1. Let me have the relative contact order for the range 17-175, percent, based on Cα pairs under 8 Å that are six or more residues apart.
2. So which residue, out of Val161, Val83, Val50, gets the largest mean-square fluctuation from a GNM of the chain using Cα contacts under 10 Å as springs?
3. Relative to the compact globular guide of 2.2 N^0.38 Å, what is the alpha carbon radius of gyration of the range 32-195, as a ratio?
4. For Glu123, what charge total do you get from the other residues with a beta carbon under 11 Å from its beta carbon, if Lys and Arg give +1 and Asp and Glu give -1?
5. May I have the pair-distance distribution P(r) for the range 90-142, computed from all Cα-Cα distances with 10 Å bins from 0 and rounded to whole percent?
6. Tell me, how many Å apart are the Cα centres for the range 178-201 and for the range 50-96?
7. Rounded to the nearest 500, what is the 222 nm mean residue ellipticity of the chain from helices alone, with -39500 (n - 2.57) per DSSP H run of 4+ residues and division by all residues?
8. Quick one: dipole size for the chain, taken about the Cα centre, charges +1 on Lys/Arg Cβ and -1 on Asp/Glu Cβ, in debye to the nearest 20.
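Just so it is clear, none of the values below were taken in a lab; they were calculated from the coordinates. Source: prediction; values computed, not measured. Here the Cβ is made from the backbone with ideal geometry for all residues, glycine too, and neighbour counts use every protein chain on show.
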Amino acid sequence: MPITRRLVAATLPLAALLPGAANAKPAPDFTAIDVDGKTRSLSEFRGKTVVLEWTNEGCPYVRKHYSGNMQGLQQAARADGVVWLTVASSAPGKQGHFPDGAAAKSWMSAKGAKPTALLLDPEGKVATAYKAKTTPHMFVIDKAGQVVYEGAIDDRPTSKVEDIAGAQNLVAAALADVKAGRKVATPFAPPYGCSVKYKDA
């Protein structure tokens, strides 16, 4: 590398040197309580690739992907060292609200869900920070703390289980790009699903 290029590179922040940085934006930090009552934060996983998945157990679009697709993604990602955080932001009295950690754990067990953690966000603070719109709404955060993918789980915006087989899984593709050190080819796709059930919505 020429000396001038080395000097310029030396002055850039780490995030600017990583693939996909031109499309990336800093991931907001947050704290939330998981199903075991433990306080978790994004900064806890600094230096790791993180997936955020918004869920609502009553939403037909979520049920579509929890027919096995979401669980498979979770397991494959975690096997690659990715941290997977499922976020339940439905407010009390709204569809998909978990009254406590026990109810959320019961749902996870029934579905065979395998996230790193399921976070309870009934006040919608984490959802607001990320402007989460739908369930599911997916985010991929790289090791530098940049959001390198945001949006739909795949390119078939339906609630039909049979459409999973022919869909391109955009989250899996983004994770493959990150793992390979490539720029994420599709950094955004409009999210689809049920609206996030915010407290004041």
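1. Reported relative contact order: 31 percent.
2. Val161
3. That ratio works out to 0.95.
4. Here the count lands on 0.
5. Each 10 Å bin holds this share of Cα pairs: 21, 53, 26, 1.
6. One Cα centre to the other: 12 Å.
7. Calculated from helices alone, the mean residue ellipticity at 222 nm is -8000 deg cm²/dmol.
8. Here the size comes out at about 380 debye.
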